[in-house]
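Only one structure is covered here, and it is reproduced in the block below.
The values are calculated or read from the model by the stated rules, or taken from the named source; none is laboratory data. What you see is a predicted model; the values in this text were computed from it and never measured. Here the Cβ positions follow ideal geometry from the backbone for every residue, glycine too, while neighbour counts run over all protein chains shown. In case anyone asks, the SASA skips ligands and DNA or RNA and just uses the protein heavy atoms, side chains included. Shrake-Rupley method; radii C 1.70, N 1.55, O 1.52, S 1.80 Å.
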Amino acid sequence: MIDFTLDSVHQELQDMYRKFAEERVKPLAHEMDEKEEFDRGLLKEMQECGFFGIPFGEEYGGAGGDVLSYVLCMEEMSKVDASTGITLSVHTSLCASTIEEFGTEEQKQKWLRPLADGSKIGCFGLTEPGAGSDVAGARTVAVKDGDEYVINGEKIFTTNSGFADTFLVFALTDKSVPAHKGMSAFLVDRNTPGITVTADIPRMGIRAASNAAVVYEDVRVPAENLLGGVEGKGFKMAMKALDGGRIGIAAQSVGIAQGAINEAIKYDKERVQFGKTIASFQNTQFKLAEMQTKVDAARLMTWRAAVAKDKGEAYNVYAAMAKLMASEVANEVTRGCVQLLGGYGYAREYTVERMMRDAKITEIYEGTSEVMKMVVSGSMNLK
Ligand SMILES: Cc1cc2nc3c(=O)[nH]c(=O)nc-3n(C[C@H](O)[C@H](O)[C@H](O)COP(=O)(O)OP(=O)(O)OC[C@H]3O[C@@H](n4cnc5c(N)ncnc54)[C@H](O)[C@@H]3O)c2cc1C
């Protein structure tokens, strides 16, 4: 039996996320993009409302929801502001979920709890200047020294790093073996001496999100901060984190695309040319019909991946397919919506311009579209 509709609990959550996004996020989105800065008041409000703990158990201070609820929240936030979406996503899917999945009980109490109850924000430091798609090319090291590890290296593009409290950082603990076996993950408090977060990297889109390079210079952490308490599992942890993260990025993509369609409909019902509204032209109607069909397909693929993860089933290929599809749809749809608004679509004042810029990153981070094709083709028994 397959049911493509949301049950009443998820419908209520969706309504609640939508209301918050419309009333609290949307009014700030344009200004945050212009200022290239996330509104700290909004961040605090989201923390207090429990948005940063949606899929985590109540025993760890979370909201006790599921991945599907988190996906619904991601779509609603990203519909009005993709920067809010990614801030939520990196904290939830990449940082806190990885601690939930791989942390020891003590680590969950100490590090997951404050992330799940919203009192702290997390980030995820995997990418390095020389290691992007090829994660195994990482050079950051963590050397054991008594009952401490000393971390040295540089991470780049670490989302949330400007204000995050908890840094989940990947480093080589054994350089004599390939990174698949020699990488480990560490929980690092922002205030640890030796951490330098650079200024935010100027960007095309999601400009309100915080994103910077982070330099680790002789950063000493207690051995108990080794995630899971075992060396050599970091690569696997990172790959699992990204598998889950891609569901969030797929939802972000669906949100951006749906938000752009909503804006285009509103505008085209009012704008009159040749004595008729733009919405009354069949070209406009057919374009919107095509776009909405693709967004619905991407949404269903995203829900499939989320539900598979909730059920404890294999979801990595579903997640890669959903991200590949949804990110391409987000780019096609936002470009199409700019066209439907004509010159005003190109103007900074109208939201679709920002959405088109924001959409591009969904094809790049948490694995590029090319990497998604590697994951999907790798599952197809082609060799
Ligand atoms: C705004 C933003 C936020 C980010 N947030 C985070 C974060 O929070 N934490 C984090 O760790 N990282 C983060 N990243 C990093 C992001 O995940 C990487 O940029 C991404 O994985 C691609 O790596 P790269 O930029 O080094 O590109 P490269 O790996 O150098 O790729 C360049 C191009 O070559 C293609 N390519 C590479 N290898 C192959 C291949 N084998 N076959 C075919 N094509 C290939 C790629 O698909 C891409 O098109 C972020 C990046 C950005 C821009």
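Structure above, values below:
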read-out: Any hit, the stretch 8-21, residues being open to solvent by 80 Å² or more (accessible area, probe 1.4 Å) and outside any helix (DSSP H, G or I); value: no
read-out: Checking VAL197 against (1) in contact with a strand residue (DSSP E or B) (Cβ under 6 Å, 6 or more places away or on another chain); (2) near the ligand (Cβ under 10 Å from one of its atoms), the condition it does not meet; value: (2)
read-out: Residue check for ALA298: touching a residue at least 60 places away in the same chain (Cβ under 8 Å) and open to solvent by less than 10 Å² (accessible area, probe 1.4 Å); value: no
read-out: Which numbered condition TRP303 misses (of (1) of a type outside the set (Gly, Ala, Ser); (2) within 15 Å of the ligand (Cβ to nearest atom); (3) in contact (Cβ under 8 Å) with a residue 60 or more places away in the chain; (4) at negative phi); value: (2)
read-out: Residue match in the stretch 141-160 (condition: among the polar types (S, T, N, Q) and more than 23 Å from the chain's Cα centre (by Cα)); value: yes
read-out: Pairs where the first residue, in the stretch 216-233, is in contact (Cβ under 8 Å) with a residue 60 or more places away in the chain and the second is surrounded by fewer than 18 Cβ atoms within 10 Å (Cβ to Cβ) and in a helix (DSSP H, G or I), C-beta under 8 Å, 6+ apart; value: GLU224/GLU106
read-out: Residues within the stretch 28-47 that are assigned to a loop (DSSP other than H, G, I, E, B) and either open to solvent by 20 Å² or more (accessible area, probe 1.4 Å) or charged (D, E, K, R) (or both), tallied; value: 3
read-out: Residue in the stretch 75-96 that is surrounded by fewer than 18 Cβ atoms within 10 Å (Cβ to Cβ), more than 11 Å from the ligand (Cβ to nearest atom) and either at pLDDT 95 or above or not assigned by TED's automatic domain parsing to the domain that holds ASP358 (or both) present; value: no
read-out: Hits in the stretch 329-383 (condition: part of a helix (DSSP H, G or I) and at positive phi); value: GLY342
read-out: Candidate set from the stretch 161-178 (those that are among the polar types (S, T, N, Q) and either part of a strand (DSSP E or B) or within 13 Å of the ligand (Cβ to nearest atom) (or both)); member that is farthest from the chain's Cα centre (by Cα); value: THR166
read-out: ASN262 being closer than 21 Å to THR362 by Cα, open to solvent by 10 Å² or more (accessible area, probe 1.4 Å), of a type in the set (S, T, N, Q) and touching a strand residue (DSSP E or B) at 6+ places or on another chain (Cβ under 6 Å); value: no
read-out: The stretch 339-366: number of residues that are farther than 21 Å from ALA208 by Cα and either within 11 Å of the ligand (Cβ to nearest atom) or buried (at least 20 other Cβ atoms within 10 Å of the Cβ) (or both); value: 2
read-out: THR192, sole failed condition from (1) away from the ligand (no atom under 11 Å from the Cβ); (2) assigned to a strand (DSSP E or B); (3) open to solvent by 20 Å² or more (accessible area, probe 1.4 Å); value: (2)
read-out: Enumeration of residues in the stretch 129-155 that are within 13 Å of the ligand (Cβ to nearest atom) and crowded, with 20+ Cβ neighbours inside 10 Å; value: VAL135, ALA138, THR140, GLY153, LYS155
